[in-house]
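These notes are about the structure you will find just below.
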Amino acid sequence: MTGAPRPLREPRPRLVDSLAAAGPLLAGGLVLALALLLWAAWRVLDPLPERRLVIATGPEQGAYQAFAERYKPLLEAQGLRVELRPSQGTRQNLQWLRDAGSGVHAAFVQSGVAAADVGGEGEPALLSLGSVAPEPLWLFYRPARVPRGAPPPTRLSELEGWRIHTGPAGGGTGALLRQLTAANGITTPPVPADEREAVHAVVELLQGRIDALAMVSAADAPLVQYLLRTPGVALFDFAQAEAYARRFAFLTPQRLPRGVVDLAADQPPADVRLVSATASLVVRADLHPALQQLLVQAAGAAHTGGGWFARPGEFPNDQTSEFALADEAARHYRNGPPWLQRHLPFWLANVVDRMWLVLLPLLAVLLPLARILPPLVTLRLRSRVYRWYAHLRALEAELERDGADLPSLAQRLEQLDRQTEKIGVPLAYAHELYDLRAHIHGVRKRLAQRAAGLAAGAGS
């Protein structure tokens, strides 16, 4: 009596089948490795900056505040939350930038102040995004302070003993004026710094409690415009403007043309010589490059129109002497906005721009993989069916031999048929399975014919 046949084992895969089986696993492992690489690059390159930006401005109604007010809508249009933080001026702005706990990311800084106000060791590095505007030194005084019959003063040495207000201690006006008066041998210090708003100094000037008011500011600052039009207030004419510019590298001579303030009233009645510093946009070196780029673009949009002391397009520029120019700023002044930002939203363009060094090798690997993987998957699925043909061929070979154990062959053939029923393949490959079962049916038919033939021969 013939015992039940042992269960058929799945045929041992051939080398090509092993490759087909391992292909998707290798591809999956490669994709996982690339995903980990992409994640690591994302963490290191930090393509998405924070969406909050704090800009230190300056005194209220000052030029720095006016600058920042122009920047704010331009930056908010890119999805940033912008906070404008008023300050006493340049020196306080520098203090905040050097203090990591202040939360300030960017600030306006007057040229010439940082050189005399160097930070200590361990303080964060600062970078310049370029010069954004000229800042003349405006020295307004009361003509009544000049002795009767004397000509208007044109040299700072003539102001010996005058009460000159230089603004808050945190501003840059006092630092500049002290450098200029010292160069003129003036020993009498100006009026001590006053932390109150500049409007209080204007009131004191008009009431005669001080003799002069100094401020470093752009021409469109509200207080400058007010004092230029106020009766009883005169603007100091720097006869030695060229000499100051030669002595101090951060200064340039400027000229306020006759009638530029008010053509109808012919104000000023004659050209006025001035000395001018420049306002720079300064950021912490650890500020995200994408935000640096946005700030440079905002500066370009806000300052490109020109003014009394600048031709259109002259500012902003890359002229900076006290702080190193940021790479993003240098890139902008050289090439304009990044090419991707001209065609894509800022945040998407920034991700691509920051990640392209990783994305290019990633695409170089994925594109060939995308061509290789489908054939491997196809081979893998077909191999699930084709392996069982080895058993079917063995059964056919035994069937052709004389003296074959037909009952045993029939049992094994039925077992093969049952096991092939359990093969799972997608519908797209179902025809491969149907072909296998049709071949099994064909072998079963031949086996039945041979068994019938042997039974007929035995009965005759």
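FYI, it's all coordinate maths here, none of it is from the lab. All figures in this text were calculated on a predicted structure; none of them were measured in a lab. Neighbour counts run over all protein chains shown; Cβ positions are idealised from the backbone, glycine included.
Net charge of the neighbourhood of Leu413, taken over other residues with C-beta under 11 Å away and scored Lys/Arg +1, Asp/Glu -1, is +1.
How big is the charge dipole of region 52-337 about its Cα centre, in debye rounded to the nearest 20, if each Lys and Arg gets +1 on its Cβ and each Asp and Glu gets -1 on its Cβ? The calculation lands at about 400 debye.
Gly307: net charge of surrounding residues, Cβ under 12 Å, Lys/Arg +1, Asp/Glu -1, itself excluded? Summing Lys/Arg as +1 and Asp/Glu as -1 gives -2. For region 145-277, a simple Cβ point-charge model (Lys and Arg +1, Asp and Glu -1, everything else neutral) yields a dipole of about 280 debye relative to the Cα centre. Working note: Karplus 6.51/-1.76/1.60 with θ = phi - 60° gives region 212-225 the couplings 8, 10, 10, 7, 9, 7, 5, 5, 8, 5, x, 5, 4, 4 Hz, where Gly and Pro are set to x. Beta-bridge orientation, region 52-337: approximately 70 percent antiparallel, per DSSP, counting only bridges with both partners inside.
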